[in-house]
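Since the structure comes first, as structure tokens, the remarks are kept for the end.
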Amino acid sequence: WSLPLKSVFVTFPGDIIKNMTDSELAESYLKKFGYMDTLQRSGFQSMVSTSKALKRMQRQMGLEETGELDKSTLEAMKHPRCGVPDVAN
Amino acid sequence: YKTFDGDLKWDSHDVTYRILNYSPDIQSSLTDDAFARAFKVWSDVTPLTFTRLFDGTADIMISFGKADHGDPYPFDGKDGLLAHAYPPGKGVQGDAHFDDDEYWTLGTGPVVKTLYGNADGAMCHFPFTFEGKSYSTCTTDGRPDNLPWCATTADYSTDQKYGFCPSELLYTFGGNADGAKCVFPFIFLGETYDSCTTEGRSDGYRWCATTDNFDRDVKYGFCPSRDTAVTGGNSEGEPCHFPFEFLGKTYDSCTSEGRGDGKLWCSTTASYDDDKKWGFCPDQGYSLFLVAAHEFGHALGLDHSNIRDALMYPMYSYVEDFSLHEDDIEGIQYLYGPKTGPTAFPPQPNTPTTVPYPDPDNTDPTNEPRPTEPTTTTRSVDPTKDACKFTKFDAITVIEGELHFFKDGHYWKTSSSSDGGPTGPFSISERWPVLPAVIDSAFEDLLSRKLYFFSGTRFWVYTGQNVLGPRSIEKLGLPNSIQKVEGALQRGRGKVLLFSGENFWRLDVKGQNIDRGYPKYTDAVFGGIPNDAHDVFQYKGHVYFCRDRFYWRMNSRRQVDRVGYVKYDLLKC
């Protein structure tokens with residue numbers, strides 16, 4: 001009995017633009033909190049695997065270790081948190 | 001739990017902290033309290049003690065900042081990163097930074113401590129009713145002077161209890177105007193401003209002049225945010241303007257329209273379409289206490305935990321009845337050990353005299369039985385005593401320009417002219433043979449050069465090697481209810497203040513009697529010092545009140561201008 005408003009998205013001046021894609025958000029999160037770099041540091045020559053980094057993050061956060069960017073993992077990445085990296089680099 | 005590589009930790013249990021600035025979101029007294037409680041979370045389960053310094057460099061320097069705030073780890077606007085801290089060490093290590101683009105509260109919405117009014121600083125009660133209308137924020141209704149106020153009970157009409165809310169019309173904080181309120185309009189770089197502004201600043205903090213001309217007087221302060229103020233956006237601190245127009249539609253409350261993240265915002269002018277002025281609406285905010293307790297865990301050496309309910313878990317979640325998780329306790333005790341001292345042991349009836357001294361720590365000699373109350377019995381001399389190991393002295397005073405520290409039959413001296421450590425121990429009985437081992441206080445009468453020593457209810461007067469006493473302190477006009485004189489403070493010509501408990505008396509040295517109008521309450525005259533100081537003396541133009549390891553220094557204007565360690569600043573260990 002009421003149609004949902006057709007939302008229009010506005011860019012607000014002074015807003016720190018955060019509308020990244022999910023994968024951009026995930027990559028920036030994994031790097032910022034040390035999950036991605038660590039693997040490189042351990043000397044593995046193989047290509048850094050986002051999936052492994054995701055598993056490490058999921059383990060730290062007590063999430064199911066799927067290695068996938070699933071819904072709960074994405075939500076965790078959007079949750080307010082402390083700025084100290086989870087993996088010291 | 002996890003610790004940082006190399007188990008970084010503070011090597012001393014006496015950790016100091018200093019609050020460098022404040023957020024406009026929450027009153028500074030509430031911020032002080034939140035930080036003190038956050039430190040107490042950790043001191044309750046370890047031997048750690050936290051002392052606040054008001055100047056100089058502390059172990060943990062605490063500050064608020066936005067986006068790029070000077071270290072390599074910028075914050076990111078509202079939400080996202082809330083704060084960060086560095087593991088123990090020098091320089092920036094050990095410091096804690098809080099993102100001031102966040103809305104800082106105690107986790108359940110605006111926290112407003114009232115000023116003035118008749119509610120003695122009580123908190124606002126939201127909602128409250130006033131003349132039949134319900135208010136969930138401060139209001140200026142009913143006031144011709146436009147000052148925001150609130151009721152501190154649910155119903156103003158029946159209880160009549162109220163107070164004023166933070167506003168730039170009442171006070172400012174920081175700056176150089178000692179908290180004076182804003183003056184509107186004021187002139188800045190030739191322009192006239194009739195409200196707070198961020199002009200001239202790159203950090204986005206709102207400020208105002210506290211005279212009508214900043215260009216001439218250069219007097220300013222930061223504006224506290226009102227509880228209705230928006231955060232973030234481009235109008236931080238301004239209140240929402242209702243109704244406002246957005247994309248041709250009128251809104252008379254906050255909305256998430258136009259945003260993909262669902263966050264509530266409002267315009268701070270009548271038309272967002274015309275002015276493009278906006279900010280996020282006040283929400284529950286983040287608990288400064290909880291976030292601070294987490295960051296202080298880092299500053300003490302704890303890394304992130306993967307236990308979801310632990311305080312050191314990296315994601316924020318609000319907890320009403322906070323208590324430290326077992327994982328956090330194990331982690332911090334791995335670094336510093338459990339808490340020792342009376343609070344760690346259940347009280348024992350008929351406690352033997354060897355009960356630990358009220359505030360023992362690892363510098364206290366443990367082989368001596370200690371009485372539960374100081375007494376004036378004599379003790380055997382032990383030349384190996386190191387003054388830097390003591391946490392408390394029987395008496396500290398200045399004799400012939402040198403600081404003297406008395407303890408258990410010995411005394412040490414530090415020279416005011418050199419920075420070397422203490423010399424001694426010297427034997428009290430060798431220099432003043434008739435004196436007992438425990439001296440509660442002493443002073444040198446500057447006119448006659450006589451030395452007065454107090455122990456328990458007796459006193460002695462030395463003139464060179466001649467001595468008069470012991471005599472009862474009642475002879476000086478002190479009441480017989482006094483157990484001991486804890487401090488003596490020379491005041492001008494021939495007057496000395498004698499401190500005991502929460503009172504002090506003024507002795508006329510020449511007349512050997514107490515002036516009329518005494519005793520007075522110590523904290524009524526010397527505000528801001530502990531009322532159970534056990535040493536009081538004058539040194540280099542400052543008055544020192546000592547308690548435990550610490551001193552509170554008071555300048556000639558009777559302001560506490562420094563708190564520090566007896567051991568480092570006076571004894572120069």
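Values for this structure:
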{"quantity": "Residues within segment B:213-269 that are on the phi > 0 side of the Ramachandran plot and acidic (Asp, Glu), tallied", "calculated": "0"}
{"quantity": "Some residue of segment A:60-67 being touching a Ser or Thr at 6+ places or on another chain (Cβ under 6 Å), surrounded by 14 or more Cβ atoms within 10 Å (Cβ to Cβ) and either within 12 Å of another protein chain (Cβ to nearest Cβ) or closer than 17 Å to residue B:294 by Cβ (or both)", "calculated": "yes"}
{"quantity": "1 or more residues aliphatic (A, V, I, L, M): qualifying strands (runs of 3 or more DSSP E) within segment B:164-228", "calculated": "B:186-188, B:207-209"}
{"quantity": "Any hit, segment B:245-252, residues being surrounded by fewer than 22 Cβ atoms within 10 Å (Cβ to Cβ), farther than 24 Å from residue B:67 by Cβ, touching a residue at least 40 places away in the same chain (Cβ under 8 Å) and away from chain A (no Cβ under 14 Å)", "calculated": "no"}
{"quantity": "All strands (runs of 3 or more DSSP E) inside segment B:385-479 with 2 or more residues being more than 35 Å from the chain's Cα centre (by Cα) and in contact (Cβ under 8 Å) with a residue 60 or more places away in the chain", "calculated": "none"}
{"quantity": "Filtered residues of segment B:543-573 (kept if among the basic types (Lys, Arg), part of a strand (DSSP E or B) and either modelled with pLDDT under 85 or under 23 Å from residue B:48 (Cβ atoms) (or both))", "calculated": "B:547, B:562"}
{"quantity": "Criterion violated by residue B:557 - all others in (1) farther than 28 Å from residue B:411 by Cα; (2) touching a Gly at 6+ places or on another chain (Cβ under 9 Å) satisfied", "calculated": "(2)"}
{"quantity": "Residue match in segment B:553-563 (condition: over 23 Å from residue B:18 (Cα atoms), surrounded by fewer than 17 Cβ atoms within 10 Å (Cβ to Cβ) and of a type outside the set (A, V, I, L, M, F, W, C))", "calculated": "yes"}
{"quantity": "For residue B:220: the one exception among (1) surrounded by fewer than 21 Cβ atoms within 10 Å (Cβ to Cβ); (2) away from chain A (no Cβ under 14 Å); (3) in contact (Cβ under 8 Å) with a residue 24 or more places away in the chain", "calculated": "(1)"}
{"quantity": "Lone qualifier among B:238, B:257 - being out of contact with any His (no Cβ under 7 Å at 6 or more places or on another chain), within 13 Å of chain A (Cβ to nearest Cβ) and under 25 Å from residue B:111 (Cβ atoms)", "calculated": "B:238"}
{"quantity": "Test: residue in segment B:96-108 that is away from chain A (no Cβ under 14 Å) and touching a residue at least 12 places away in the same chain (Cβ under 8 Å)", "calculated": "yes"}
{"quantity": "Checking residue B:532 against (1) surrounded by 15 or more Cβ atoms within 10 Å (Cβ to Cβ); (2) without any contact (Cβ under 8 Å) to a residue 40 or more places away in the chain, the condition it does not meet", "calculated": "(1)"}
{"quantity": "Residue count, segment B:69-113 (criterion: assigned to a loop (DSSP other than H, G, I, E, B), hydrophobic (A, V, I, L, M, F, W, C), more than 15 Å from residue B:299 (Cβ to Cβ) and modelled with pLDDT of 90 or more)", "calculated": "3"}
{"quantity": "Selected residue [closer than 25 Å to residue B:15 by Cα, of a type outside the set (Lys, Arg) and out of contact with any helix residue (DSSP H, G or I) (no Cβ under 7 Å at 6 or more places or on another chain)] from B:501, B:541, B:527", "calculated": "B:527"}
{"quantity": "Selection status of residue B:129, farther than 30 Å from residue B:11 by Cα and under 23 Å from the mean Cα position of the chain (by Cα)", "calculated": "no"}
{"quantity": "Number of the exception - residue B:136 against (1) within 14 Å of chain A (Cβ to nearest Cβ); (2) under 30 Å from residue A:12 (Cα atoms); (3) not aliphatic (A, V, I, L, M)", "calculated": "(1)"}
{"quantity": "Residue selected from segment B:44-58 under the condition in contact (Cβ under 8 Å) with a residue 60 or more places away in the chain and surrounded by 17 or more Cβ atoms within 10 Å (Cβ to Cβ), by the criterion nearest to residue B:166 (Cα to Cα)", "calculated": "B:53"}
{"quantity": "Single condition residue B:34 does not satisfy, out of (1) modelled with pLDDT under 95; (2) under 30 Å from residue B:265 (Cβ atoms)", "calculated": "(1)"}
{"quantity": "Residues satisfying the stated conditions in segment B:41-68, i.e. of a type outside the set (A, V, I, L, M, F, W, C), away from chain A (no Cβ under 11 Å) and in a loop (DSSP other than H, G, I, E, B)", "calculated": "B:44, B:46, B:47, B:55, B:56, B:57, B:59, B:68"}
{"quantity": "Residue that is surrounded by the most Cβ atoms within 10 Å (Cβ to Cβ), among those in segment B:260-282 that are in contact (Cβ under 8 Å) with a residue 40 or more places away in the chain and within 11 Å of another protein chain (Cβ to nearest Cβ)", "calculated": "B:278"}
{"quantity": "From the options A:26, A:76, A:53, residue that is modelled with pLDDT of 90 or more, out of contact with any Gly (no Cβ under 7 Å at 6 or more places or on another chain), more than 13 Å from chain B (Cβ to nearest Cβ) and under 30 Å from residue B:278 (Cβ atoms)", "calculated": "A:26"}
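The values are calculated or read from the model by the stated rules, or taken from the named source; none is laboratory data. Note that the structure is a prediction, hence the values are computed from the model and not measured. No Cβ is skipped: glycine too gets one built from the backbone with ideal geometry, and neighbour counts run over all protein chains shown.
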